[in-house]
Each structure stands twice: as C-alpha cells, then as structure tokens.
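Heads up, the thing below is written out as structure tokens.
The values are calculated or read from the model by the stated rules, or taken from the named source; none is laboratory data. What you are looking at is a predicted structure, and each value in this text was computed from that prediction instead of being measured. Cβ placement follows ideal geometry from the backbone for every residue including glycine, while neighbour counts extend to all protein chains displayed. Ligands, DNA and RNA are stripped out before the accessible areas are found, and what is left, the full protein with its side chains, is counted by its heavy atoms. Shrake-Rupley method; radii C 1.70, N 1.55, O 1.52, S 1.80 Å.
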Amino acid sequence: MNPKHIGDVPEFIKDGEGKDIPRRAIAPYNFVELPDTVVNAEDLPSGDRYHSECHTGRIECTLTTESPLYTRCGWHPDDFAEYGEKSFQELPDEIKNKRASFFVNPKTQQPTIPGSSIRGMLRTLIEIVSFSKIDRVSDEHRLFFRAVAANPKKDSLGEEYKKYVEPKIIKAGYLKKDNEGWYIQPANTDNGSTFAWVQENSLSLPNLEQFNNALYEPQYIPVSYERVAIDNTDRAKRLFAHNIELPDTHPKKGHLKNKRGVLVTSGKMKQGNEPSPRRNHCVVFECSVLEANSTSPKIRLDAKAIEHYRNALTDFQKQSPFDKDWGVLEENRPVFYCPPEKGKNIVGFFGQSPNFRIPYSPEGNGHATTVVDFIPKDLRKLDSIDLADAIFGWVKKESKDDKIPQQFEKQRAGRVFVTDALYHCVQNSIWYENAPLTPQILSGPKPTCFPHYLVQPEENNSDAHPSKLKHYASQPVIETVIRGHKLYWHKGSDRNFKLLPPKKVIGSPKQVPDTQTTLIHPVNKGVTFKFDIHFENLSKVELGALMWILEIAQDDRYRLKIGMGKPLGLGSVKIEHKLYESDRQKRYTKLFSDNSNDWEPTTKTLKDNPNYKQCFENYMLEKLQQTGKFEDICRIQMLLAMLSWKANPCQNYLEQRRYMEIECDPSKKQCIGIPKKGKINEYFERRVLPNPLDVMGMELDCDRPSPPSHQDSISQETQLFSEGQEIEAKVVDIKVQEGQKLKTTITYEIEGSDCLAKEEIYKRTISLAINDIVKVSIIKTRGESIRTVKLIE
C-alpha cells in the first residue's frame with residue numbers, strides 16, 4: 001500500500017521553547033489520494049460493428065453556470081502568425097481584447113463551451129472514480145530548491161541542503177569548455193578559500209546596481225583588491241575582501257591593487273516593498289592558466305546534471321546577464337560548486353552564487369528528480385487498459401522508463417463523443433460585465449511546495465513537525481508519493497475575482513513592468529447551455545461510469561468545475577441529463593418509413609431509471625475486493641468532498657480555501673502565523689495541507705481497498721527482512737564529505753531488497769572499497785525494502 005497522508009493535521013504544535021507552531025495549511029485546491037492499484041477494463045469490443053450486448057445512444061445534457069465561467073477563444077490564424085509568440089502584455093490593446101473574448105459560435109456569435117473542455121473534465125473525473133492509472137504526468141520538469149536559512153533541526157529541507165551547500169565546502173572557479181564538454185578551472189586559493197565576501201556599502205564602483213534598486217539585475221565586474229581576511233564580527237566568521245576598485249585594465253581604471261578577481265552580484269531576495277535582506281556580494285579570485293601538458297584531471301560538470309539544470313531554469317536565471325537557454329553556463333564566467341568526492345572529478349551541484357539552487361537528488365549525484373518518480377510504477381504502466389482508456393481511447397507515448405510491448409495497440413479511438421455546448425437561455429444577462437476585466441493574478445502550479453504536494457506519512461510524523469517532513473529528495477514511493485488528483489474547491493455563486501488597482505512601488509524611478517495580468521470576458525452565473533454525449537458500443541459498466549459522474553453533476557449537493565480561473569471560484573456548473581438508447585438492429589432493418597418515402601426515423605428509447613450506475617459500482621467493488629458501499633471508499637469520499645457545493649458559503653469557509661500569502665496583512669484578513677514587521681509570511685513554517693475530509697471537519701472514517709491478493713500476498717520465494725537482522729551486503733558507493741565534521745555515506749546492495757540501503761558514518765574514516773562484501777545489521781526496513789543499515793565491523 002502506498003504511504004498515506006496524515007489523517008488529522010493539528011492546528012498547532014509546541015516547539016522546544018513551548019511556542020506554538022502553526023501546522024495546518026490552506027489552499028484553494030486539494031487532492032484525491034492515489035489508488036493503491038489500477039482497476040483494468042473489461043475486454044474491449046471490436047470497432048467494426050455494433051455489438052448486441054453493448055449500448056449505443058446519446059445523452060442530452062443541459063449545463064447551467066452556478067458561478068461565472070470563462071473559456072478563452074482561439075487564435076485567428078492571421079493573428080497567431082503575427083502575435084502567437086508574444087506574451088499577453090506585449091500584444092496591442094485591440095488584440096488583447098480579442099484574446100479576452102469568450103469562445104463563441106462563429107455562426108451565431110453566442111458563447112459556446114468547447115466539447116473538448118467538457119470531454120476533458122469528464123475523463124478526469126472518470127479516471128478518479130474508476131481507479132485508473134496516472135500516466136498523463138510530464139517527466140520533463142526537473143525539481144530544484146534552495147534552503148539557505150533553514151535550520152536542519154527545525155526544517156527537514158535544511159538538512160538536505162547543507163549536505164551539499166555548506167559554506168565551508170563550496171568552491172569557486174571559472175567555466176571552460178572543450179570537445180568533451182564543460183569543466184571548471186578552480187580559482188586561486190587565499191586563506192583556504194577560492195572566493196571572499198564584500199559588503200555592498202563598502203563599494204563605490206561606477207554602475208554597480210544596488211540591491212534595493214527596483215530594476216536591479218546581477219552583474220559580473222572585474223575588480224582588484226588589496227587583501228582578504230576573516231571578519232570575526234561576522235556571525236559565520238567568513239572571509240571578506242578589502243579595498244576593492246576597478247583594475248587598471250578596466251576602461252574606468254583606478255589604482256592598481258595586488259590581487260584581482262571578479263565581483264559577482266546575485267539575486268536580491270527582495271519581497272514586495274520590503275528592503276532586500278542581502279548585504280554582501282562575492283569576489284571570485286582569479287585563476288592561474290592550466291598548463292597544456294598538465295596531467296591533473298579536469299573537474300568536469302556532469303552532463304546529466306547540466307541537462308537537468310537547463311531544464312529547470314527560473315525566469316531569473318534566463319534574464320540578463322544569464323543566457324535564456326544555458327543560464328550561468330558561459331565560458332570564462334565565475335561559477336560556484338560543491339567539490340567532487342575524493343577520487344572523482346565529476347561535479348553535479350553548481351550555480352551562479354554561493355547559495356545556489358540544487359536539484360532534489362535522492363541519489364545525491366546532482367541528477368534531479370521529477371514528479372513522475374513519486375508515482376508508483378504499477379500506477380503508470382502503459383500496457384494496462386483502464387476504464388478511462390476503454391471509454392475515451394488512448395494514444396500511448398513511450399518514455400525512457402516505460403516501454404510499450406510490441407504486440408500492444410499504441411492508439412485506439414474512443415467510443416464517446418461530446419458536442420460543443422451551445423448557448424440556450426439566461427436568467428439575467430449573459431455577460432458578467434459588458435467589457436473584459438482583469439482577474440486576480442494566478443501563477444502556475446508550484447509542485448515544489450512539498451508540504452502540499454507530497455504525502456506526509458502519519459506513521460513517522462503524526463504531528464506534521466517541520467523537521468520530519470518528506471520532500472523530493474526523500475526516497476520516491478518508499479517514503480512518500482504525490483498526493484494524487486488535484487481539484488479545486490467551489491467558492492459559491494458570488495465570488496469577487498477582479499484584481500484591485502496595483503500599488504506603486506515606493507522609491508522606484510518608474511513603475512515595475514506588469515508581466516502577470518491578463519484580460520478575460522466571462523459569462524454570468526445562470527447561463528444555460530445544451531450539449532450531447534454520443535456513445536457507441538459501451539458495456540453496462542462503462543456506461544455506468546459515465547452515468548455515475550452525470551448523476552453527481554445534477555445532485556444539488558454537488559457541482560462540477562470547468563474552464564479557467566478555478567482557484568478564483570469560476571467554472572462551477574450543474575449538468576442535468578436524459579439518456580436515450582438506440583436499437584441498432586431495428587435501426588438498420590428498414591431504410592424507409594412505411595407510410596412515405598421518408599427515411600425511417602431513428603429508434604431511440606428514453607431510459608428513466610437505468611441500473612448502469614449500480615453495475616459500475618458492483619464491478620469496482622468486485623475488482624477492489626471490497627464489501628459495503630462504493631461511496632464509503634476514502635478516494636470517493638475525498639472526491640465528493642471536493643465537489644460539494646454551497647451557493648453562499650460563510651467567510652470562514654472561504655478563508656480556509658484561499659491561497660496563502662508571503663505578505664499577509666492581518667489588518668485586512670484572517671492570516672495564519674506570527675506577524676513580523678506588521679505582515680505574516682504564511683508559508684514560513686512549512687504548513688501541511690490537510691486532506692479534503694480533514695478540511696471539511698470530517699474524520700477519516702472510510703475504507704481503503706487493499707491491492708489484489710496476488711500483490712497482497714508474498715510468495716515463499718520472496719525474502720522478508722526484519723530490523724536487527726544481520727545480512728551480507730555489497731558496497732556499491734562511498735561518498736566522503738569533508739567539512740566541519742567528517743561524514744561518510746555508504747550505499748549497499750542487498751540481495752532480495754528492492755532498493756539500495758544507506759548508512760551515514762560521522763567523524764571517523766572507514767576502510768572499505770567498492771564491491772566489498774560486508775556484514776550489516778538492518779536498522780530500517782519495510783516489506784521487501786531495506787532502507788537503513790549499520791556496518792558490523
């Protein structure tokens with residue numbers, strides 16, 4: 001069974017000093033947990049005929065908006081050719097207004113909801129209720145993080161970060177490139193370091209951008225300096241450079257100093273109108289030119305780490321002076337890095353400043369993980385056909401890890417077809433406002449917010465303590481998995497989602513450019529649309545899955561979500577339906593009507609009380625080996641919680657379903673946390689997002705089906721492990737980390753374990769070599785996985 005999220009996240013816990021630490025996060029979204037197994041579909045019918053045991057017909061649907069709704073219109077080909085590559089802010093006003101338009105029927109110019117949007121919504125919901133696989137997740141986005149100020153005793157991410165970015169470990173050098181790729185030429189060493197800090201207020205260099213300048217950007221400035229020395233007044237006792245000026249080779253040269261280097265300014269870490277907390281820049285010492293016949297191995301950058309670094313470049317790392325495709329990777333540019341282990345010359349961790357972002361790397365080699373790594377392989381097998389595949393069809397795309405068997409169909413057409421939803425009528429006015437409006441700013445999902453997006457297992461951390469939270473450097477699947485299917489809460493019929501006028505930045509010479517706003521033209525609540533769902537050759541179970549969703553959609557206790565702006569409360573809809581079935585044998589028996597030369601009308605039957613929904617539920621319970629009611633399963637209860645509807649929710653309900661803020665003003669809203677300078681950073685304590693039932697104030701009193709018996713039972717050939725057991729292990733990796741305290745990490749391979757085991761040894765040297773066979777004692781194990789061991793010496 002997959003790791004399960006904390007059932008009841010506490011409001012507060014006490015720290016070591018007896019102070020309250022807030023633990024419950026809030027968000028406009030939540031998750032339906034992952035299934036423990038995928039339920040496969042029935043055998044599929046051939047597509048060359050209508051089968052008598054299958055069902056064909058249509059479902060007439062009436063969709064009514066319960067809150068404003070918006071689907072953006074498509075590009076006109078001429079406009080796309082001219083403006084398609086531009087951001088919204090770069091468009092002329094005329095084109096902005098055109099792009100803000102609702103999708104319309106070109107014949108009637110009335111609002112229309114694309115059938116593809118409705119189909120996508122239905123498929124997502126059917127994937128959830130039918131325990132389908134999780135395969136539509138990108139494995140391209142690599143995950144990086146930075147935790148400079150995190151205290152390892154209070155923050156689990158701080159410990160991970162300081163493994164690789166310990167100030168006394170980090171080195172500086174200059175980037176070089178040859179026919180084998182990128183490498184680093186180390187900077188000269190002075191007082192045991194390759195770079196030194198310098199206080200910004202001690203510099204008087206021309207054209208140096210100050211941290212608090214609104215238009216600040218990083219710079220690389222060649223400088224000369226007189227000396228470096230440890231500053232004992234500095235909390236970290238760091239090395240500082242003194243008497244810095246431009247070198248004599250600079251166009252604006254000053255007096256020649258003894259030493260030279262490059263002044264590197266980095267991110268200002270400025271939030272809103274608050275001054276930057278940064279006070280220091282860095283001087284990277286110059287380097288000696290390597291001799292052509294030098295036998296010293298070059299310090300190479302790991303090619304895979306470079307690929308992952310480029311994949312995860314932030315907007316900041318794509319701006320000047322960095323390259324939009326390569327970031328800091330430019331020949332002769334200063335770079336900071338975590339030096340390789342003894343005996344190796346490959347660097348996996350590097351960046352443009354001493355406190356650089358590093359990849360979440362469970363293996364510790366600089367190779368960044370992805371969200372897909374935290375989805376169990378059994379839940380994303382490409383060769384399994386689930387009910388969502390069976391109903392809507394599929395196009396299978398292979399990945400590096402998941403290959404499609406040769407005999408398997410790589411694509412198959414669906415048997416459900418959804419028409420566009422055409423405007424029918426309205427209660428008041430069609431449009432929310434006559435002209436396009438600017439909604440509140442929304443950004444893309446932030447899966448790196450691991451207290452929200454990853455399961456925090458209750459068995460290891462029932463109080464959700466920040467120091468014990470799992471993150472993307474935790475062992476994938478064994479220690480944590482992704483939370484599941486992401487859905488958005490409803491927020492009632494009358495949400496205010498318009499953006500307030502922006503405030504001017506104090507002290508800025510001009511207004512900072514707006515790059516995040518957009519325009520939309522939503523329809524009002526109370527607008528009715530009509531569409532049809534045509535289906536062919538569906539089994540009772542498949543049709544039942546579709547009817548299960550449509551029954552929920554017309555139940556007054558629930559609503560579905562569609563369109564843009566879901567976090568703001570847009571897109572809540574009710575769908576009422578009528579099911580008509582077609583007798584295909586009778587349909588093709590006669591071509592013409594008996595009484596005329598007209599075509600024989602299509603035979604259709606209105607089904608008032610079909611039992612298809614019950615057939616679907618029975619099928620699911622049987623496959624999940626579950627007794628009782630289908631709606632008592634935890635995943636289904638979580639789904640129903642997310643779809644629950646209140647037309648006029650109270651203020652507290654809405655407060656529990658908003659985005660947290662970095663600068664929350666407690667004088668204007670109910671903020672969570674401790675004020676600092678009048679504002680509250682609600683993300684500060686890494687609060688954990690409760691499950692949907694916990695948010696609703698409901699106990700997690702529901703059923704979790706176990707995997708099928710062939711997975712649940714362990715065969716006699718499988719070796720089981722127990723804590724304290726002594727066993728042989730093969731040494732496959734040894735990492736030595738030198739610094740304030742010596743640390744050696746040994747990785748072992750153990751026969752019968754489905755993962756590698758690790759051991760961390762401090763403050764003493766170990767005489768081992770790769771491929772040694774040693775005796776170890778098991779410290780931590782789970783099922784067939786040995787995670788932690790101790791060497792028996």
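Some observations on this one:
- Pairs where the first residue, in segment 615-634, is farther than 11 Å from Ser130 by Cβ and in a loop (DSSP other than H, G, I, E, B) and the second is of a type in the set (Gly, Ala, Ser) and open to solvent by 30 Å² or more (accessible area, probe 1.4 Å), C-beta under 8 Å, 6+ apart: Gln625/Ser706; Gln625/Ser709
- Only residues that are modelled with pLDDT under 90 and surrounded by 20 or more Cβ atoms within 10 Å (Cβ to Cβ) were counted across segment 452-464, and they come to 1.
- Contact map, segment 747-772: first residue over 11 Å from Leu791 (Cβ atoms), second residue in a loop (DSSP other than H, G, I, E, B) and of a type in the set (Lys, Arg), Cβ cut-off under 9 Å, separation 6 or more or different chains; pairs are Tyr762/Lys741; Lys763/Lys741.
Residue-by-condition table, conditions (1) under 33 Å from the mean Cα position of the chain (by Cα); (2) farther than 20 Å from Asn332 by Cβ; (3) outside any loop (DSSP other than H, G, I, E, B):
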residue: Asn151; (1), (2), (3): yes, yes, no
residue: Lys162; (1), (2), (3): yes, yes, yes
residue: Glu166; (1), (2), (3): yes, yes, no
residue: Lys176; (1), (2), (3): no, no, yes
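- Evaluating Glu160 against the criteria (1) acidic (Asp, Glu); (2) open to solvent by 40 Å² or more (accessible area, probe 1.4 Å); (3) farther than 30 Å from Val395 by Cα leaves one unmet condition, (2).
- Test result for Leu329, more than 25 Å from the chain's Cα centre (by Cα), assigned to a loop (DSSP other than H, G, I, E, B) and modelled with pLDDT of 90 or more: yes
- Qualifying positions in segment 357-390 - open to solvent by 20 Å² or more (accessible area, probe 1.4 Å), more than 30 Å from Leu543 (Cβ to Cβ), in a helix (DSSP H, G or I) and of a type outside the set (A, V, I, L, M): Asp373, Lys377
- Breaking point among (1) part of a loop (DSSP other than H, G, I, E, B); (2) modelled with pLDDT of 85 or more; (3) surrounded by 11 or more Cβ atoms within 10 Å (Cβ to Cβ), for Pro567: (1)
- Of everything listed in (1) within 20 Å of Arg658 (Cα to Cα); (2) buried (at least 17 other Cβ atoms within 10 Å of the Cβ); (3) at pLDDT below 95; (4) not hydroxyl-bearing (Ser, Thr, Tyr), the single unmet condition for Leu560 is (3).
- Segment 526-557, residues that are within 31 Å of the chain's Cα centre (by Cα) and surrounded by fewer than 18 Cβ atoms within 10 Å (Cβ to Cβ): Arg557
- So Val347, is it crowded, with 20+ Cβ neighbours inside 10 Å, at pLDDT 90 or above and more than 26 Å from the chain's Cα centre (by Cα): yes
- Restricting the first member to segment 240-252 and to residues that are more than 17 Å from Trp197 (Cβ to Cβ) and part of a loop (DSSP other than H, G, I, E, B), and the second to residues that are at pLDDT 65 or above and polar (S, T, N, Q), the beta-carbon pairs closer than 7 Å and six or more apart or on different chains are Pro247/Ser224.
- Any hit, segment 482-489, residues being open to solvent by less than 10 Å² (accessible area, probe 1.4 Å), closer than 19 Å to Ile562 by Cα and modelled with pLDDT of 95 or more: yes
- All positions within segment 674-707 that are in a loop (DSSP other than H, G, I, E, B), within 15 Å of Ala27 (Cβ to Cβ) and of a type outside the set (D, E, K, R): Tyr683, Leu689, Pro690, Asn691, Met696
- A count restricted to segment 5-57 and to residues that are polar (S, T, N, Q) and not in a loop (DSSP other than H, G, I, E, B) stands at 3.
- Within segment 214-227, restricting attention to residues that are under 14 Å from His281 (Cβ atoms) and not acidic (Asp, Glu), the residue that is farthest from the chain's Cα centre (by Cα) is Tyr225.
- Selection count where residues are among the charged types (D, E, K, R) and touching an Asp or Glu at 6+ places or on another chain (Cβ under 8 Å), scope segment 630-676: 5
- Taking the listed residues Thr314, Thr369, the one that is under 17 Å from the mean Cα position of the chain (by Cα), at pLDDT below 90 and polar (S, T, N, Q) is Thr314, with no other qualifying.
- Matching residues, segment 37-63, being closer than 20 Å to Asp383 by Cβ, open to solvent by less than 60 Å² (accessible area, probe 1.4 Å) and touching a residue at least 24 places away in the same chain (Cβ under 8 Å): Thr37, Val38, Val39, Ala41, Leu44, Pro45
- For Leu69: the one exception among (1) farther than 26 Å from Lys133 by Cβ; (2) open to solvent by 80 Å² or more (accessible area, probe 1.4 Å): (2)
- Test: residue in segment 630-649 that is more than 23 Å from Leu550 (Cα to Cα) and under 30 Å from the mean Cα position of the chain (by Cα): yes
- Among the residues listed as Phe131, Phe80, Phe88, Phe145, the single one being touching a Phe, Trp or Tyr at 6+ places or on another chain (Cβ under 9 Å) and among the aromatic types (Phe, Trp, Tyr): Phe145
- Test for Leu239: is it more than 21 Å from Tyr174 (Cα to Cα) and surrounded by 13 or more Cβ atoms within 10 Å (Cβ to Cβ): no
- Just so you know, in segment 110-125 the residues that are surrounded by fewer than 22 Cβ atoms within 10 Å (Cβ to Cβ) and not polar (S, T, N, Q) include one that is nearest to Tyr619 (Cα to Cα), and it is Arg123.
- Residues located in segment 728-781, provided they are assigned to a loop (DSSP other than H, G, I, E, B) and closer than 19 Å to Glu160 by Cα: Glu738, Gly739, Gln740, Lys741, Leu742, Leu756, Lys763
- Among the residues here, Leu91 does not qualify as of a type in the set (A, V, I, L, M), open to solvent by less than 30 Å² (accessible area, probe 1.4 Å) and closer than 28 Å to Leu34 by Cα.
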